[in-house]
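Colleague: If you scroll down you'll find the structure; I have some questions about it.
The values are calculated or read from the model by the stated rules, or taken from the named source; none is laboratory data. Being a predicted model, the structure only gives us computed values, none of them experimental. Heads up, the Cβs are rebuilt from the backbone with ideal geometry, glycines too, and the neighbour counts pull from every protein chain shown. Calculation scope for accessible area: heavy atoms of the full protein, side chains included, ligands and nucleic acids excluded. Shrake-Rupley method; radii C 1.70, N 1.55, O 1.52, S 1.80 Å.
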Amino acid sequence: ESVGYKRQILCFSSLETYAQVNGGLMVNPKRIVFEDGETKKNITLINSSEETSVYTVSFTENRMNQDGSFTEITDPDPGQLFANPHLRIYPRRITLGPLETQTIMLQRRRKSNMQTGEYRSHLYFRPEIDVTPLTIDRPRDTVQGLSVDLRAIYGMSIPVIFRSGEVSLTTTLSDLKLKSVEGAHSITLLINRKGNSSVYGDLTVEYYPLNGKSFRVAALNGLAVYTTIEKRYVNINLKVLPEMNLHEE
């Protein structure tokens, strides 16, 4: 059912935009894919804050859930292949002054007789925090004079992917529904993936009136469905304009 909307279109293209960590670290690109024959990738780090910061880089392994969230894992799910054993990062610890930029190198080590399929791990960028031990100037009779300083440490991760041998992929959209709750409108749908490769792209929604030109009313950029799942649930909030009639057939 179209309910006045054209079905969404997936565009399979990588995005060269920056991902950013709370605290000032910007990372480019935000997704890395080694194409056939490529063995090295450069990653640019920018400290956009006004303070010198130290960051560590490591690997994490994640399972994608059907709602798009991730669960950190240590053992691969059936059919999942980790890229980490085939990758090297250098350097792994970076000090950046205010507005300073540095490039790190990610290298893929090619091996023969690799299992066919898609290999994926995540690079994790974590700021190091200077923790000063809590001291008490003088003894206190009660705990009322104690204080605890809790500081959240925000890190970020970006996927790293390469493929070995023949990979296949088919993608379809299904279960398209228009939802209206208390004046707010959204579209829900399923992205269905088949094969041994992930899918990545942008999802856009256009409104087609009975007369006149179509126009975009929503977009979700950088959507992925990785090989740990075959379907992903998506909810897209719509910007409803006065010229839109959601009851058009």
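Colleague: Report yes if residue 118 is modelled with pLDDT of 95 or more, open to solvent by less than 80 Å² (accessible area, probe 1.4 Å) and either farther than 17 Å from residue 158 by Cα or out of contact with any helix residue (DSSP H, G or I) (no Cβ under 7 Å at 6 or more places or on another chain) (or both), otherwise no. Talk me through it step by step, then tell me what you get.
Modeller: On the way: modelled with pLDDT of 95 or more: yes; open to solvent by less than 80 Å² (accessible area, probe 1.4 Å): yes; either farther than 17 Å from residue 158 by Cα or out of contact with any helix residue (DSSP H, G or I) (no Cβ under 7 Å at 6 or more places or on another chain) (or both): yes.
Answer is yes for this residue.
Colleague: Being touching a residue at least 40 places away in the same chain (Cβ under 8 Å), within 22 Å of residue 200 (Cβ to Cβ) and either within 20 Å of the chain's Cα centre (by Cα) or assigned to a strand (DSSP E or B) (or both) is the requirement here; does residue 68 meet it?
Modeller: Details: touching a residue at least 40 places away in the same chain (Cβ under 8 Å): yes; within 22 Å of residue 200 (Cβ to Cβ): yes; either within 20 Å of the chain's Cα centre (by Cα) or assigned to a strand (DSSP E or B) (or both): yes.
Against the criterion (touching a residue at least 40 places away in the same chain (Cβ under 8 Å), within 22 Å of residue 200 (Cβ to Cβ) and either within 20 Å of the chain's Cα centre (by Cα) or assigned to a strand (DSSP E or B) (or both)), residue 68 qualifies.
Colleague: Which of the residues that make up the stretch 183-208 are free of Cβ contacts under 8 Å to residues at least 60 places away in the same chain and either charged (D, E, K, R) or under 30 Å from residue 164 (Cα atoms) (or both)? Please lay out each step first, then the result.
Modeller: Filtering the stretch 183-208 down to residues free of Cβ contacts under 8 Å to residues at least 60 places away in the same chain leaves 183-184, 186, 188, 190, 192-195.
190, 192, 193, 194, 195 - these are the residues of the stretch 183-208 that are free of Cβ contacts under 8 Å to residues at least 60 places away in the same chain and either charged (D, E, K, R) or under 30 Å from residue 164 (Cα atoms) (or both).
Colleague: Quickly run through the stretch 108-118 and pick out the residues that are part of a strand (DSSP E or B) and farther than 28 Å from residue 235 by Cα.
Modeller: 108, 117
Colleague: While we're here: Name the single residue, out of those in the stretch 210-247 being over 15 Å from residue 185 (Cβ atoms) and open to solvent by 60 Å² or more (accessible area, probe 1.4 Å), that is nearest to the chain's Cα centre (by Cα).
Modeller: Filtering first and then ranking leaves 221.
Colleague: May I ask you to list the residues in the stretch 74-131 that are free of Cβ contacts under 8 Å to residues at least 60 places away in the same chain, under 17 Å from residue 58 (Cα atoms) and of a type in the set (A, V, I, L, M, F, W, C)?
Modeller: 82, 89, 94, 129
Colleague: Please specify each residue of the stretch 78-107 satisfying the condition of being surrounded by 14 or more Cβ atoms within 10 Å (Cβ to Cβ) and either within 20 Å of the chain's Cα centre (by Cα) or not in a strand (DSSP E or B) (or both).
Modeller: Answer for the stretch 78-107, where residues must be surrounded by 14 or more Cβ atoms within 10 Å (Cβ to Cβ) and either within 20 Å of the chain's Cα centre (by Cα) or not in a strand (DSSP E or B) (or both): 80, 81, 82, 83, 84, 86, 87, 89, 100, 104, 106.
Colleague: Just wondering, is there one or more residues in the stretch 108-115 that are open to solvent by less than 70 Å² (accessible area, probe 1.4 Å), out of contact with any Ser or Thr (no Cβ under 9 Å at 6 or more places or on another chain), farther than 30 Å from residue 240 by Cβ and modelled with pLDDT of 95 or more?
Modeller: Pass one, the stretch 108-115, residues open to solvent by less than 70 Å² (accessible area, probe 1.4 Å): 108, 114.
Now drop any that are not out of contact with any Ser or Thr (no Cβ under 9 Å at 6 or more places or on another chain), which leaves none.
No: the stretch 108-115 contains no residue that is open to solvent by less than 70 Å² (accessible area, probe 1.4 Å), out of contact with any Ser or Thr (no Cβ under 9 Å at 6 or more places or on another chain), farther than 30 Å from residue 240 by Cβ and modelled with pLDDT of 95 or more.
Colleague: Return the residue satisfying two criteria in turn: it lies in the stretch 49-70 and is among the polar types (S, T, N, Q) and either open to solvent by 50 Å² or more (accessible area, probe 1.4 Å) or in contact with a helix residue (DSSP H, G or I) (Cβ under 6 Å, 6 or more places away or on another chain) (or both), and of such residues it is nearest to residue 156 (Cα to Cα).
Modeller: Our first condition is that a residue be among the polar types (S, T, N, Q); within the stretch 49-70, this holds for 49, 52-53, 56, 58, 60, 62, 65-66, 69.
Going one step further and asking which of them are either open to solvent by 50 Å² or more (accessible area, probe 1.4 Å) or in contact with a helix residue (DSSP H, G or I) (Cβ under 6 Å, 6 or more places away or on another chain) (or both), we end up with 52, 66.
On the way: 52: 18, 66: 20 Å.
Among them, the one singled out is 52.
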